[in-house]
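Below is one structure, written out as structure tokens; comments come after it.
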Amino acid sequence: MATIDEIIKTRLEKRKKLKEGGANPYPVHVNQTHTTAEALENFSELSKKEEPVKLTGRIMAFRTHGAISFAELKDGSGQIQLAFREDGMGKAAYEEIQEILDRGDFINAEGTLFETKRGEKTLDVKKFDIISKSIRPLPEKWHGLKDVELRYRQRYLDLLMNEDVRELFEKRSLIVKEIRNFLEENDFTEVETPILQMIAGGASAKPFKTHLNAFDLDVYLRVAPELYLKRLLVGGMDKVYEIGRNFRNEGVDYSHNPEFTMLEFYWAYSDYKEGMKFIEEMLSGLVKKVIGKDKFEYEEKEVDFKTPWERIEFKDLLRKYADINYDDYNFESLKKKAEELGVKMTGDIHSKPQVADQIYKKFCLPNIVNPTFIIHYPSEMLPLAKPLDDNPDYAASFQLVIAGWELVKAYSELNDPVVQREHFEKQEELQKAGDPEAQSMDMDFVEALEHGMPPALGVGIGIDRLTAFLTGAHSLREIILFPTMKPKE
């Protein structure tokens, strides 16, 4: 069996031969009359009329049987069989096929459609041109590849060789499309906000830092678009949304990737309670369109999307699954309690809510299967959220959890500039104490609030996580086309 280097050398010689013969194996213009799907859909009419058909695509298989050879031609719409016959093409042209054509080549094939004795719809090729000569061979075996990292590194081969992988990403596209349609139907306006930001605000996360040469200025890749979208509320845009990339300098695991896609939308004169009803309508409708039913299995657990969904307070969740009364503890005592419960702290822990979050993730999150709104998080957890009128220690907020996935975070937006400044100051104290995820003072945003921002709802939905859940994927890497990978040495 020839080595990869030998195969590449042989194919480069074929490329050279084509060019020396006056053919361009990489032409600018390609002429086709039908896609493979269109040819198959109109097969009866086209074959009956013996109408010439020109198809383009990649050769996925090639086999010779004496004076006839067969190939499988694949384009973006499907696959069709090609037949090359010596008596139909002429001996010289037929022999040339054996000399220059390889599996993986893109060709433009012209001929007429017919049905073989076995009932296979086929293009009887009269002539063809190579329109992209492949130099490196396609893998013989790819499906079920154990080295999943190789699949992610060479996603183009993963898509080419695994039809189910391609279908998965088509489903991701459908999910984004349906979300966008739902928001547009509800009169939201799509906008774009800066990715390069002077201050990394809008979420508690460690940012990526870079440098803008034109201004000799350090800037950050955004961790969230929130503070800019809320500036638009100040500007009179009452319903806005953005679907875009965020960047957080955090660990990589099944539910985290350093760059990820988020939907954030902001709705003036609405609140977190109305937001829960809106999310129920959006996601229950999305599930019906993507999956086709209200109940389905995810990792051997049945998930029921029938509305209304359960609402439970964050502190009640801790009491239910960890037997902890959150209000009875301070930072040090809760940290000690967490250690007694066997909770291993990860990351930088500088506050009581951060300890509570670690306990929640160990004891509560794994127990939530059906869609559940966890409401009223501690205000210190959400420095941009409005506190409850009757209990300012807790925020007017919710997070939607399904089958252990945290999919949606939302709250009534804080629009009191005095309180917002106080929250930023507390965040800066956490920064000085060594918390790399604490937010910085954003005086430009505070100034915007001082001009007046209407009461509003803000919602964030992780598109990657939502897609992973709805497609049954076990990791974000499965549904991100090019996930962040450590370079090979």
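The values are calculated or read from the model by the stated rules, or taken from the named source; none is laboratory data. Computed from a prediction, not measured in an experiment: that's the story for all the values here. Here Cβ is always computed from backbone atoms with ideal geometry, including for glycine, and neighbour counts include all displayed protein chains. The area values use the complete protein model at the heavy-atom level, side chains included, leaving out ligands, DNA and RNA. Shrake-Rupley method; radii C 1.70, N 1.55, O 1.52, S 1.80 Å.
Data overview
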| item | result |
| --- | --- |
| Value at 222 nm in deg cm²/dmol, rounded to 500, when DSSP H runs of n ≥ 4 in the chain each add -39,500 (n - 2.57) | -10500 deg cm²/dmol |
| Length released on extending from Asp348 to Glu310, taking residue separation times 0.36 nm less the Cα-Cα span | 10.5 nm |
| At least 15 Å along the helix axis (C-alpha) and Kyte average at least -0.5, DSSP helices within the chain | 272-290 |
| Gained length - Asn162 relative to Thr10, 0.36 nm times residue gap less alpha-carbon distance | 52.0 nm |
| Extreme residue, positive dipole direction of the chain, given options Ile374, Trp267, Ala468 (C-beta unit charges) | Ala468 |
| Sorted peptide list for 455-468, 287-300, criterion being average Cβ within 10 angstrom, highest first | 455-468, 287-300 |
| Derived scalar couplings ³J(HN,Hα) [the stretch 66-74; Karplus, 6.51 cos²θ - 1.76 cosθ + 1.60; whole Hz; x for Gly, Pro] | x, 8, 9, 10, 10, 9, 10, 9, 10 |
| Carbon + sulfur, % of accessible area of the chain - ligands and nucleic acids excluded, 1.4 Å | 48 |
| Accessible area expressed per residue, the stretch 190-257, with surrounding protein chains retained (probe 1.4 Å, Å²) | 48 |
| Where His474, His211 fall by accessible area, highest first, once all protein chains stay in place (1.4 Å) | His474, His211 |
| Probe 1.4 Å - accessible area at Ser351, Å² to nearest ten | 10 |
| Residue-by-residue Karplus 3J(HN,Hα) for the stretch 291-301, coefficients 6.51, -1.76, 1.60, Hz, glycine and proline x | 9, x, 7, 7, 10, 7, 8, 10, 6, 6, 10 |
| Peptides ranked, highest mean first, by Cβ atoms within 10 Å: ranges 442-450, 29-37, 59-67, 262-270 | 262-270, 442-450, 29-37, 59-67 |
| Cα radius of gyration and Dmax for the stretch 310-444 (Å) | 15.0, 44 |
| Ranked packing of 310-318, 410-418, most packed first, by mean Cβ within 10 Å | 410-418, 310-318 |
| Share, in percent, of DSSP beta bridges within the stretch 304-437 that are antiparallel, nearest 5 | 75 |
| Cα-based reach from Lys117 at 25 Å (exclusive), listing lysines while leaving out same-chain residues under 8 positions away | Lys48, Lys49, Lys54, Lys74, Lys91, Lys126, Lys127 |
| Net lengthening on full extension, Lys488/Ile291 (0.36 nm per residue, minus Cα-Cα) | 67.2 nm |
| For the stretch 324-371 versus the stretch 79-154, the gap between their alpha-carbon centres in whole angstrom | 59 |
| Read-out Rg/Rh (Cα atoms, Kirkwood Rh), derived from the coordinates shown; its label in [x] 0.97; [y] 1.42; [z] 1.09 | [z] |
| Surface accessible to a 1.4 Å probe, Lys91 within the full protein complex, Å² | 120 |
| Average accessible area per residue (Å²) across the stretch 342-381 - probe 1.4 Å, nucleic acids and ligands excluded | 39 |
| Heavy-atom accessible area per residue - the stretch 407-489, 1.4 Å, Å² | 45 |
